[in-house]
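The values are calculated or read from the model by the stated rules, or taken from the named source; none is laboratory data. Keep in mind it's a predicted model, so treat the numbers as computed, not measured. All Cβ positions, even for glycine, are placed from backbone atoms using ideal geometry, and neighbour counts span all protein chains on display. These accessible areas exclude ligands, DNA and RNA; they are computed on the full protein's heavy atoms, side chains included. Shrake-Rupley method; radii C 1.70, N 1.55, O 1.52, S 1.80 Å.
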Amino acid sequence: MSSNTEPGGGPSEGATIRVLHVDDEQGFVEMAAKFLEREDSRLSVETATDTTEALDRLESDGFDCVVSDYDMPGRNGVEFLEAVRDRSPELPFVLFTGKGSEEVASEAISAGVTDYLQKEGGTEQYTILANRLVNVVERVRSRRALAERKRRLETLIGNLPGIVYRCRNEPGWPMELVEGECRELTGYPAATIESDEVVWGEDVIHPDDREPMWEAVQEALDAGEPFEVTYRIETADGETRWMWERGSGVYADGDEKAKLEALEGFITDVTAQREREAELERTNALRSTLFDALPVGVLAEDDEREVMAANSRIVDLFDADRTPGDLVGEDCAELAEGLSELFEDPAAFRERIDELVDERLPAEDELALADGRTFKRIHRPIEYDDGGGHLWVYQDETDQVAYENELQRFETILETSGDPVYALDADGRFTYVNDSLVEMVGYPAEEMLGENATTVLPDRDVERVEGVIRSLLSAGERRRTMEIEAITASGGTIPCELHVSILPFEESFRGTVGVVRDISDRIERERKLDRLRDRTQALMYTESKVETAEVATEAADDIIGAPLSAVHLRNEAGDVIEPFATVDSVTDYFEEAPRYPRGAPEGTAASVIWEVFESGEPLRIDDTDASERLTEERPAKSVILHPIGRHGVFIVSSGEPNDFDDTEETLVELLATSLRTALDRVERETELRRQRNELRERNERLDQFASVVSHDLRNPLNVASGHLELAREEVDSSHLDAVADAHERMISLVDDLLTIAREGEAATEPQPVDLAELAEGCWGGVETAAASLEVPDEHRIRADPGRTRQLLENLFRNAVEHGADGAASGGTGTDHLTVRVGSLDDGFYVEDDGVGIPPEKREQVFDVGYSTSQDGTGFGLAIVQQVADAHGWDVSVAEGADGGARFEVRNVDPA
């Protein structure tokens with residue numbers, strides 16, 4: 001069926017209304033057609049006298065309305081209506097019949113008749129019918145037009161990238177209508193927002209943007225203008241998005257001065273656009289930073305010769321009293337005029353600039369300045385979308401080396417460095433990665449850009465890096481170094497050192513730049529050093545050369561990865577360097593470990609090893625097959641030979657060429673040094689053990705001698721003493737007194753001899769000792785007659801109390817027996833002798849005010865058997881020397897403060 005309505009609107013004025021009038025009376029329908037067309041010129045009436053014919057006409061022709069009689073042969077009017085409804089449910093159908101009854105009307109209405117009109121006499125009935133026909137057709141056309149407009153509007157809304165809305169002008173922005181991509185935009189169904197289950201202004205708009213948005217909308221409404229706002233929302237799943245909204249007020253009767261009823265508008269997602277703008281801003285910031293940091297002066301001008309951009313270096317080069325920003329917009333010709341006076345030939349400077357600008361040719365010139373400097377000037381014409389211009393680069397050639405170094409640094413940082421470089425925005429997303437970083441982590445650059453740093457950083461390191469950035473921002477610092485782990489595309493991790501720097505910014509934080517360095521090799525070196533430290537500590541406790549050599553070879557195999565390593569030591573004859581310990585795998589290549597005799601032919605392994613041993617210089621051969629010094633075929637292809645002092649050579653080798661680098665060479669040097677120290681220690685300890693064994697054997701012999709002396713001498717003396725007492729009972733003779741004195745002297749000699757023989761070993765129980773208290777106790781155990789003792793107030797030392805008692809008693813006895821022969825005061829006996837014990841910074845002294853010891857005899861007094869008295873044994877001061885040696889003390893003789901003898905004991909530990 002066709003429609004005569006205008007697209008998207010109501011029926012047009014004068015549109016034809018085609019009517020099919022069906023009645024079995026031919027004369028009546030023809031007359032009715034004429035009257036209807038006369039009543040309304042829009043009506044075009046065609047007739048049919050049979051319902052079958054009418055249905056065929058309706059099928060092939062387009063009619064806007066059907067008028068039908070009720071009583072007709074075949075089908076009545078209601079049956080005809082039902083047939084029409086099966087084909088065209090909305091086609092207006094007017095039942096115009098002479099048979100009027102409630103039953104017919106009810107049946108017609110039930111069948112879906114549009115209108116019902118009973119035939120009457122006269123022509124007025126055609127006026128009524130014409131009006132009814134026009135009205136029903138226009139209603140159908142209007143309804144169709146409205147439905148079409150609604151369909152088009154819904155299609156438009158459905159295709160808009162956002163939502164349309166109607167809301168009340170309240171801070172919560174309660175929504176009355178939401179149409180469009182509401183769920184896609186916010187994550188919420190439109191119904192939840194329309195029902196205020198989710199309130200737009202309270203649950204959707206970002207908290208920080210609610211008040212600014214309200215103020216912007218109210219300001220526009222107060223001015224009677226539409227509003228445009230950009231703000232953030234928080235979606236149902238917590239994501240933050242940027243929205244752009246345009247709307248206006250809806251007023252009663254369309255009058256802006258009337259009451260504001262609501263707001264209507266459109267909201268769309270502009271997150272991608274904002275991110276592109278932010279990315280552009282970051283890129284411009286990075287470019288601006290790099291531009292300003294260039295070590296050359298740069299100035300760009302447009303075709304109008306106005307400055308577009310300049311960096312700080314150009315200002316510095318020409319000592320301009322302006323900032324780069326001040327130069328923007330300046331006339332370049334005027335600038336050149338002013339700067340020309342700085343050059344040796346000002347006119348040539350200006351003319352050359354004019355020539356380059358006119359010809360638009362690239363050029364490089366050297367310019368001599370009046371102050372002796374030389375500038376290099378580079379000119380390049382530039383083209384951009386809406387015009388062109390000129391780029392000028394000035395470089396101080398007097399500082400060319402510094403420039404090249406700086407330029408190299410920038411090139412290294414940005415692209416050609418072996419170190420990976422990246423830039424992150426304020427949200428931690430990659431904005432720049434260089435090829436080195438791409439190669440290290442295995443992700444393509446296009447996949448990394450825009451992604452968060454968590455792509456290549458574990459969560460723990462992300463938190464640590466964020467903490468460092470916060471610390472830098474709070475402290476006002478620019479850079480920091482830390483260690484992290486990088487995650488590769490294959491899922492592995494790489495230990496790295498990160499140098500992170502803050503991008504320059506004025507108001508808001510823009511992001512960071514980082515230089516990453518793979519420290520896997522360093523970590524491995526540190527691990528090897530730790531393991532080597534453990535092995536070198538083990539070398540401190542080895543007890544033989546074999547054990548020492550085995551520890552070193554095991555370390556070479558396990559830590560350095562040298563499976564053909566061995567320690568070779570020179571034999572006692574000094575003509576062969578022979579193996580002392582080898583790695584187990586050496587037997588896979590040799591039936592027995594090789595020996596290297598002196599004097600082997602040049603080019604052999606033996607000659608090279610003896611050369612290293614005798615020169616004391618280590619040698620590293622990366623490939624023995626290509627070596628000029630070692631021409632003998634060997635299973636070892638990589639070799640490090642390191643001398644170990646007078647002991648021999650440490651051979652570290654591998655079956656693969658170029659198997660050792662500088663790190664391994666350093667590890668071998670450390671291990672060889674520790675090996676040499678350990679071998680020296682083992683030799684010393686072996687010698688000490690030999691000496692201790694000899695000393696033990698000597699002491700055992702002395703002890704046997706002392707036992708013999710004690711038994712074989714004391715027994716005869718005791719017999720002689722007994723007979724002497726019997727002789728005194730029988731004879732009174734002065735000769736018996738001489739015999740008694742001789743017996744006493746012999747007993748003293750035996751006692752002193754036993755002391756030296758049995759107590760010659762080291763002091764075994766040093767402990768804190770109060771020197772004054774010990775001296776007073778010793779004084780009471782010595783025959784001192786009327787001599788007096790002076791002791792220090794307090795002086796504590798570490799000493800073996802028993803042995804120190806022997807030292808003091810012998811010194812006291814020596815003073816009383818030898819110093820009393822003439823005290824300093826001029827007396828002739830012990831009445832005037834004073835013995836003094838005093839403290840020294842590192843020990844103590846014992847002195848008297850007696851006759852003293854002549855300087856020429858002071859070195860002899862400690863000799864065994866030396867004495868100046870006929871009654872002396874000559875052992876007393878020897879025992880003093882022995883006790884001092886046992887403690888590790890030094891004892892010497894000097895002149896006392898009052899002229900007597902002074903014995904100083906030094907190197908004594910304080911308590």
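Points worth noting:
- As a calculated quantity, the FRET efficiency between residue 368 and residue 793 at R0 = 60 Å, using C-beta atoms, amounts to about 0.10.
- Phi-derived couplings, Karplus 6.51 cos²θ - 1.76 cosθ + 1.60 at θ = phi - 60°, listed residue by residue for segment 355-364: 5, 5, 5, 5, 8, 6, 10, x, 7, 9 Hz, with x used for Gly and Pro.
- The angle separating the long axis of helix 102-111 from the principal Cα axis of greatest extent in the chain is about 40 degrees.
- For residue 647, solvent-accessible area (1.4 Å; no DNA, RNA or ligand), Å²: 10 Å²
- (1) 1.00; (2) 1.34; (3) 1.36, with the label sought being that of the calculated Rg/Rh (Cα atoms, Kirkwood Rh): (3)
- Cβ-Cβ distance of residue 629 and residue 537, R₀ of 41 Å, FRET efficiency by 1/(1 + (r/R0)^6): the value works out to about 0.70.
- For segment 87-140: rounded, prolate or oblate by the Cα gyration tensor [a/c cutoff 1.5]: oblate
- Karplus 3J(HN,Hα) series, Hz, for segment 320-325 with 6.51 cos²θ - 1.76 cosθ + 1.60 (x for Gly, Pro): 6, 8, 8, 8, x, x
- Each of the peptides 590-602, 48-60 was scored by the mean count of other Cβ atoms within 10 Å over its residues; in descending order, highest first, they stand as 48-60, 590-602.
- Stretchable slack from residue 584 to residue 547, in nm (0.36 nm times residue separation minus alpha-carbon distance): 11.9 nm
- At most 12 other Cβ within 10 Å, DSSP loop - GluC sites (Glu not before Pro), segment 498-552: 506, 507, 543
- The chain - mean residue ellipticity at 222 nm from DSSP helices (-39,500 (n - 2.57) per run, n ≥ 4, rounded to 500): -13500 deg cm²/dmol
- Two-site label geometry, residue 337 and residue 60: point separation in nm, points 7 Å out along Cα→Cβ: 9.3 nm
- Degrees separating the helix 77-87 axis from the principal Cα axis of the chain, which is the longest one: 30 degrees
- Low-density loop positions, GluC sites (Glu not before Pro), segment 289-355 - DSSP coil, at most 15 other Cβ in 10 Å: 304, 344
- Protection-proxy order for peptides 430-436, 809-815, each taking the mean of Cβ atoms within 10 Å per residue, highest first: 809-815, 430-436
- Segment 542-638: C-alpha gyration tensor shape, a/c 1.5 cut-off, then a/b vs b/c: oblate
- The chain, accessible surface, carbon-and-sulfur percent (1.4 angstrom probe): 46 percent
- Chain lengthening between residue 482 and residue 688 when straightened (0.36 nm per residue, less Cα-Cα): 69.1 nm
- Inter-probe distance in nm under a simple model that places probes 7 Å from Cα toward Cβ, at residue 723 and residue 446: 12.6 nm
- Each label point was placed 7 Å from the Cα along the Cα-to-Cβ direction; for residue 475 and residue 234 their separation is 3.3 nm.
- Prolate/oblate/rounded label for segment 168-288 (Cα gyration tensor, a/c 1.5): oblate
- A Förster distance of 41 Å, applied to the separation of the beta-carbon atoms of residue 463 and residue 316, puts the FRET efficiency at 0.45.
- 1.4 Å probe accessible area per residue over the chain, in Å²: 53 Å²
- Within the assembled protein chains, the solvent-accessible surface assigned to residue 589 is about 120 Å², based on a 1.4 Å probe.
- Taking amide hydrogens as placed 1.01 Å from N in the peptide plane, the amide H of residue 251 sits under 5 Å from those of 261, each at least 5 positions away in sequence or on another chain.
- With 0.36 nm allotted per residue and the present C-alpha distance subtracted, the residue 106-residue 276 stretch has 54.3 nm of extension available.
- For the listed peptides 360-366, 175-181, a ranking on the average number of other beta carbons within 10 Å per residue, highest first, reads 175-181, 360-366.
- Sequence of 661, 425 when ordered by accessible area, the most exposed leading, probe 1.4 angstrom: 661, 425
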